[in-house]
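One structure below.
The values are calculated or read from the model by the stated rules, or taken from the named source; none is laboratory data. All values reported here derive from a predicted model rather than from experimental measurement. Here the Cβ positions follow ideal geometry from the backbone for every residue, glycine too, while neighbour counts run over all protein chains shown. The accessibility values were calculated without ligands, DNA or RNA, using every heavy atom of the protein model including side chains. Shrake-Rupley method; radii C 1.70, N 1.55, O 1.52, S 1.80 Å.
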Amino acid sequence: MGAGSRRLRRRGQGELESQVLAVLRSANGPATAGWVQEHLEGDLAYTTVITILSRLYAKSAVTRSREGRSYTWTPVSDEAGLAALRMRRVLDGERDRDAVLARFISALSPGDEDRLRALLARADAPDDPGAPYNPRDTEGM
């Protein structure tokens, strides 16, 4: 195969962010960008890894601490939290939030609509220490 005939599949930004978060979660503590690069599948340039980590930092999905001349990175959010942040950014960019939310709800499958109703009901209930998840709790995002 010639160099021109072998093309690597291009990953989307969200996919790269998810992969970087997964690698960070596998670390035993804060990790450098070089460590992340070594543990990612594929040949991503160091500068690409830094760009993805910086975008995740801007989205509050990771934290960073200065270590000498570089940073170490720690995940704050899991994949579900990252997806929720993306959804929130889309919603924040729309003028008519009511219309967007109404269309979103009407497009849900019946099962997802039931899940959403249950999550909202649980969020509106008084604090229940037995409740496993509160969608309005942003601590994990």
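Residues in region 106-121 that are of a type in the set (Lys, Arg) and open to solvent by less than 90 Å² (accessible area, probe 1.4 Å): how many?
0
Over 24 Å from the mean Cα position of the chain (by Cα) and either over 26 Å from Ala58 (Cα atoms) or at pLDDT 90 or above (or both): is that true of Ala131 in this structure?
No; evaluated as a whole, the condition is false for this residue.
Quick test for you: out of Glu94, Glu79, pick the one residue that is open to solvent by 60 Å² or more (accessible area, probe 1.4 Å), acidic (Asp, Glu) and at pLDDT 90 or above.
Glu94
Of the residues Arg55, Arg66, only one is closer than 30 Å to Ala33 by Cα, surrounded by 15 or more Cβ atoms within 10 Å (Cβ to Cβ) and at pLDDT 90 or above; which?
None of the other options fit; the residue is Arg55.
Quick grid of which residues meet (1) within 29 Å of Ser54 (Cα to Cα); (2) polar (S, T, N, Q); (3) part of a helix (DSSP H, G or I):
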{"residue": "Arg66", "(1), (2), (3)": "yes, no, no"}
{"residue": "Arg86", "(1), (2), (3)": "yes, no, yes"}
{"residue": "Leu91", "(1), (2), (3)": "yes, no, yes"}
{"residue": "Ala99", "(1), (2), (3)": "no, no, yes"}
{"residue": "Asp112", "(1), (2), (3)": "no, no, yes"}
{"residue": "Pro126", "(1), (2), (3)": "no, no, no"}
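Just name the residue that is modelled with the lowest pLDDT out of those in region 1-33 that are closer than 19 Å to Gly68 by Cα and either open to solvent by less than 20 Å² (accessible area, probe 1.4 Å) or part of a loop (DSSP other than H, G, I, E, B) (or both).
Gly29
Going by what's in this entry, would Arg103 be described as in contact (Cβ under 8 Å) with a residue 12 or more places away in the chain, of a type outside the set (Asp, Glu) and open to solvent by 50 Å² or more (accessible area, probe 1.4 Å)?
In short, no.
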